[in-house]
């Protein structure tokens, strides 16, 4: 699918993570920027940093300008003198930086990804500078907003944004249920296959003659991702079919606990903990795998599901959040209930023992990913959202003013 002609204006992406290996949000934002650049749009990125008074400027892999800024929660009226002064300096730096980027890009849109403590201030800066605002929600930024303070911040951003997108219909429903007034400016725009995986899928020379990894988990080692459930399922799988290999690629707070648990249940010789891997290493691992396992307890729309399918690798995943929107039951993978090691093990054993089924699911997954989740298709959808945000810009400004 070809991308519609880009508007004669630029886009400023604002995100806590960009590119790199720290999670799906960084990969997703980089893919959007690179695809928009290929269509003729002008793009620059503000990547939020934990600590910095002076902006850090670098170039991305496609030549895009990336400015690292630190802007913490508003302490201009509270806290010690040092915190108040630091906030004002950082805010002034952000105002100057965004104004310069706006002029350089002829930007009309600021596209915010995920939810961050500094976004309330950044939304206000962008609105005052005449930028339309788009907020994209990725999953844990909504599913993790259980406490009142987190939801209050999220709700404020939802009201302020000129347009809001969610990476899955399931996530969209959650948002609209909590904030019904968001419905008229809400859209579902799924993640796309990353540009490097799309390129790898077109290069048949990188595929091994025979996969060397039976099962692959690729993601953050956090409870919400369910790696502990996968270990329990692995114990059941090895008891039924003997030697089977599991590679766990990623880092997170559960790593040491998972290593210890694999020893306790006697599967440590079957499990390889790879730690953090580069994007090239992730693609290589995917290509070498028979099955990608996604045992999450909650999800927005996991990028690894799309990457696996694009490379022809069948998926075993839990039937939660936006997963069934990207992985179809018995079409491109097998879906299981969450928190159920037995069901997960049964699906894995079935798929490992049926090469014909693996090939069929892999082929259908690749066709579906290339058709529905290509970078060009998703970039085209965002261009439509940007136009809608610009059209709504005056309405959102009046609503924010009235709420004060």
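The values are calculated or read from the model by the stated rules, or taken from the named source; none is laboratory data. The shown structure was predicted, so the numbers you read here are calculated from the model rather than taken from an experiment. Don't worry about glycine lacking a Cβ; one is built from the backbone with ideal geometry, like all the others, and counts go over all protein chains shown.
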(request) Please verify whether the range 229-244 includes one or more residues that are surrounded by fewer than 18 Cβ atoms within 10 Å (Cβ to Cβ) and on the phi > 0 side of the Ramachandran plot. (result) yes
(request) Among the residues of the range 352-373, count how many are surrounded by 18 or more Cβ atoms within 10 Å (Cβ to Cβ), under 27 Å from the mean Cα position of the chain (by Cα) and in contact (Cβ under 8 Å) with a residue 60 or more places away in the chain. (result) 4
(message) Test of understanding: among 101, 131, 137, which residue is in contact (Cβ under 8 Å) with a residue 40 or more places away in the chain, surrounded by fewer than 23 Cβ atoms within 10 Å (Cβ to Cβ), in contact with a strand residue (DSSP E or B) (Cβ under 6 Å, 6 or more places away or on another chain) and in the same structural domain as residue 171 (by TED's automatic domain parsing)?
(response) 101
(request) Could you name every one of the helices (runs of 4 or more DSSP H) located completely within the range 278-353 that has at least 1 residues being touching a helix residue (DSSP H, G or I) at 6+ places or on another chain (Cβ under 6 Å) and more than 16 Å from residue 234 (Cα to Cα)? (result) 279-287, 303-310, 323-326
(request) Quickly run through the range 242-266 and pick out the residues that are out of contact with any strand residue (DSSP E or B) (no Cβ under 6 Å at 6 or more places or on another chain) and closer than 15 Å to residue 213 by Cα. (result) 242, 243
(request) Those residues that are over 14 Å from the mean Cα position of the chain (by Cα) and within 18 Å of residue 225 (Cα to Cα), I need them from the range 297-332; list them, please. (result) 297, 308, 315, 316, 317, 318, 319, 320, 324, 325, 327
(message) So if I check each of 304, 277, which one is in the same structural domain as residue 233 (by TED's automatic domain parsing), surrounded by 18 or more Cβ atoms within 10 Å (Cβ to Cβ) and either closer than 21 Å to residue 190 by Cα or touching a residue at least 40 places away in the same chain (Cβ under 8 Å) (or both)?
(response) 304
(request) Return a yes/no flag: does the range 131-154 have any residue that is modelled with pLDDT of 95 or more, more than 21 Å from residue 334 (Cα to Cα) and more than 21 Å from the chain's Cα centre (by Cα). (result) yes
(message) Quick check on this structure: which one of 115, 89 is modelled with pLDDT under 95 and surrounded by fewer than 18 Cβ atoms within 10 Å (Cβ to Cβ)?
(response) 89
(request) Answer with yes or no whether residue 184 is in the same structural domain as residue 384 (by TED's automatic domain parsing) and surrounded by fewer than 18 Cβ atoms within 10 Å (Cβ to Cβ). (result) yes
(request) Go through the range 323-337 and give me each residue that's more than 14 Å from residue 291 (Cα to Cα) and crowded, with 24+ Cβ neighbours inside 10 Å. (result) 323, 326, 336
(request) Please identify the pairs in which a residue from the range 183-196 that is free of Cβ contacts under 8 Å to residues at least 24 places away in the same chain has its Cβ atom under 7 Å from the Cβ atom of a residue that is assigned to a loop (DSSP other than H, G, I, E, B) and surrounded by 21 or more Cβ atoms within 10 Å (Cβ to Cβ), counting only partners at least 6 apart or on another chain. (result) 188/168
(request) For residue 115, indicate whether it is in contact (Cβ under 8 Å) with a residue 24 or more places away in the chain, under 22 Å from residue 163 (Cβ atoms) and assigned to a loop (DSSP other than H, G, I, E, B). (result) yes
(request) Within the range 173-194, count every residue that is over 13 Å from the mean Cα position of the chain (by Cα) and either within 22 Å of residue 371 (Cα to Cα) or not in a helix (DSSP H, G or I) (or both). (result) 4
(message) Give me the residue from the range 229-259 that is assigned to a helix (DSSP H, G or I) and free of Cβ contacts under 8 Å to residues at least 12 places away in the same chain and, out of that set, farthest from residue 298 (Cα to Cα).
(response) 239
